[in-house]
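Report on the following structure.
Only the coordinates and a few stated rules stand behind these numbers; no lab work does. Since this is a predicted model, take the numbers as computed values, not measurements. Because the Cβ atoms are built from the backbone with ideal geometry, glycine has one as well, and the counts that use them run over all protein chains shown.
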């Protein structure tokens, strides 16, 4: 990792990781890069999701898998009873509200402080050209790495027989990359823009959660190295149950429009099983940009 102009971090390994011929993220202002950005923006506007197939070179699939398997033992495993809004289960809600539907969440997370600097996903996350490309795709003037020592970058692990049930993301947008597929199952399923900043659309959400809203659901079979850009705050989504003996591994790259973001104490404890002094010190400083339930 070296420093570019203005002290921004750039990786000497970026060209070995990313297929820069198809995705010239290092050529700021070029027509080829703008073409990719325009395509992603159009897909996000229409569907809330865009996938860049083979973003990381297919020849590095074994490397991604090996790095994930080295990290997976550090995942914090717990099975929790949750609802789609990740709010307390004893929250007072009217009869028939979809937040009263309880599911088991069995996925696990490896925190960022367990991921070495040389790991492929860490190289991508910290490279300013990758971050600038993501910002352009989401139409943001700039994005920042999390200041949170545990979040921002993590590896999601969904073991056999487990799933990541229906939910919304706290962030308006999410970037992720499958690093190891399961033998079966583990599909990414989502409901594009099922809610808006102004409307929760509880009837549609309840239909999906109770099995009657299949017409609202789209499904993606992802491959190692596929980069997924997703507006997960407005699109209900899940990872379907994993079958077979191989866990599903996915790197999650989270950025913020403002510097210094640190996760809440409760959410950090849920995801990683521990809280650091940084989280306690930051308690109460976060603010939401909308009035949605979660």
- Message: Run the Debye formula on the Cα coordinates of the stretch 183-285, all scatterers equal and no solvent, and tell me log10 I(q)/I(0) at q = 0.12, 0.19, 0.21 1/Å.
- Response: -0.60, -1.16, -1.19
- What is the spin-label model distance, in nm, from residue 104 to residue 43 if the labels are put 7 Å beyond Cα along the C-beta direction? 3.4
- Message: Could you work out [θ]222 nm for the chain from helices alone, using -39500 (n - 2.57) per DSSP H run of at least four and dividing by all its residues? Round to the nearest 500 deg cm²/dmol.
- Response: -7000 deg cm²/dmol
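What number, in nm² with one decimal, is the all-direction average of the projected area of the convex hull of the alpha-carbon atoms of the stretch 48-192?
10.5
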- Message: Once R0 is set to 35 Å, what does the formula 1/(1 + (r/R0)^6) return for the Cβ-Cβ distance between residue 219 and residue 79, expressed as a FRET efficiency to the nearest 0.05?
- Response: 0.90
- Message: Largest first and in whole Å, what are the equivalent-ellipsoid semi-axes of the stretch 32-275 based on the Cα gyration tensor, each being the root of 5 times an eigenvalue?
- Response: 26, 21, 19
- Item | Cα→Cβ-extended label distance, 7 Å offset, between residue 258 and residue 28, nm | 2.4
- What does the highest-first list of 273-284, 12-23 look like by mean Cβ count within 10 Å? 12-23, 273-284
